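What follows is a single structure, written as C-alpha cells, with notes after it.
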Amino acid sequence: AQSVTQLDSQVPVFEEAPVELRCNYSSSVSVYLFWYVQYPNQGLQLLLKYLSGSTLVKGINGFEAEFNKSQTSFHLRKPSVHISDTAEYFCAVSVLNTDKLIFGTGTRLQVFP
Amino acid sequence: DGGITQSPKYLFRKEGQNVTLSCEQNLNHDAMYWYRQDPGQGLRLIYYSQIVNDFQKGDIAEGYSVSREKKESFPLTVTSAQKNPTAFYLCASSDGTGGSTEAFFGQGTRLTVV
C-alpha cells in the first residue's frame, strides 16, 4: 500500500520569506509524485509533478520541488512567498501503471503581510 | 469550456436517506475519481474508475456506491450505511495514462446531514 505524510498541518510565514512544505511517501513500488494547491471552497489544481529525470522540478507560481529517493521525500519550496500563496497544499502519489492517486493530509500555508 | 462539473454545490440530507452526487466531465478522460475531504484529514479516496463499466474501491468505500455507465459520468451515491456523511466531496478525472498525468478537479459538493 502507499501512503503520503505531510509533516506540518500549518505553516505561517511572512510575505517575501522563503518557505518549505514537507512531504514524505511510502510505497513498495515506483510512484509518480505531485503537488496540488487548493484555494478556499475550490477544487485542486496542479502545481508540479515528478515523473522521472532531473530531481528538481519547477512548477507554476514560482514553486519548485526536489525528489529525494533515498529519503522518500518530495518537499515543496518557494524562495519568496506572496499573500496570494495563502492556500492549502497537498502532496500526492500515483502508482506507476495504475491510475490510483493518493493524497496527503495537506499543509495550510498562511502568508502574513 | 472543457472541465468537470459537480452538482449540486450544496446538498442537505436527512439522516437515513440515500443521496446521489453528480460528476460530469467533457475532457474525454478515461479515469475518474471520488474523494472525501474532512478538516485535517486531507483527501481520502472513495472510489476510482479507469474505464467505463469498471471501478475499484479506494480506502474508504464503505457506505458509498458508484456507477460508470458512460465515459463522461461518474455519480456517487452516499447511502444510509455511511455513518458520518457530512463532508466536502471532490470529483476528479485524468486521461488514464497509467497515473503520470494531471488530475482535474471539480468545484466540489458540500454535503450536510441534518
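We did not get these values from a lab; they are worked out from the coordinates using the rules stated. Worth saying up front: this structure is predicted, and the values here are computed from it rather than measured. Cβ atoms come from the backbone with ideal geometry, glycine included; neighbour counts cover every protein chain shown.
Enter the mean number of other protein chain beta carbons within 10 Å of the beta carbon of each residue in A:59-65, as an integer. The partial results should precede the final answer.
Values: counts 0, 0, 0, 0, 0, 0, 0.
Counting Cβ atoms of other protein chains within 10 Å of each residue's Cβ and averaging gives 0.
Sequence neighbours fewer than 8 away in the same chain don't count; with that in mind, list the lysines whose C-alpha is under 26 Å from B:Lys70.
The qualifying lysines are A:Lys100, B:Lys9, B:Lys57.
If R₀ is 35 angstrom, what is the calculated FRET efficiency for the pair B:Lys9 and A:Asn61, using the beta carbon separation as r and rounding to 0.05? Please list the in-between numbers first.
Working: r = 26 Å, r/R0 = 0.74.
FRET efficiency, B:Lys9 to A:Asn61: 0.85.
So for the stretch B:1-60, Kirkwood radius off the Cα pairs, Stokes-Einstein at 20 °C and 1.002 mPa s: how many µm² s⁻¹? Display every interim value, and only then the final one.
Working: Rh = 13.5 Å.
Reported coefficient: 159 µm²/s.
Using the Kirkwood formula over every pair of different C-alpha atoms, what hydrodynamic radius in Å results for the protein assembly as shown? Please report the intermediate quantities before stating the final value.
Values: mean 1/r = 0.0557 Å⁻¹.
Here the Kirkwood hydrodynamic radius works out to 18.0 Å.
Can you give the charge dipole size of chain B about its Cα centre, rounded to the nearest 20 debye, using +1 on the beta carbon of Lys and Arg and -1 on the beta carbon of Asp and Glu? Each step should come with its number before you reach the end.
Working: 11 positive and 12 negative charges, 95 e Å.
Result for chain B is approximately 460 debye, rounded to the nearest 20.
Once you charge only the Cβ atoms, +1 for Lys and Arg and -1 for Asp and Glu, what is the size of the charge dipole of the protein assembly as shown about its Cα centre, to the nearest 20 debye?
Approximately 420 debye in magnitude.
Please state, rounded to one decimal and in Å, the Kirkwood hydrodynamic radius that chain B gives when every pair of distinct Cα atoms enters the mean of 1/r. Could the numbers behind the result be given before it?
Values: mean 1/r = 0.0714 Å⁻¹.
One decimal place: 14.0 Å for the Kirkwood radius.
If I model a spin label at B:Lys70 and A:Gln71 as a point 7 Å from the Cα along the Cα→Cβ vector, what separation in nanometres do I get?
Placing both labels 7 Å beyond Cα along the Cβ direction yields 4.9 nm.
Can you give me the pair-distance distribution of chain A, C-alpha pairs, 10 Å bins, whole percents?
Computed distribution, short to long bins: 15, 50, 29, 6, 0.
What is the average number of partner chain Cβ atoms found within 10 Å of a Cβ in A:100-109? Mind dumping the intermediate values first?
Details: counts 9, 11, 7, 9, 2, 7, 6, 1, 2, 0.
The shielding value for this peptide is 5.
So, in Å, what gap is there between the alpha-carbon centers of the stretch A:1-68 and the stretch B:1-72?
24
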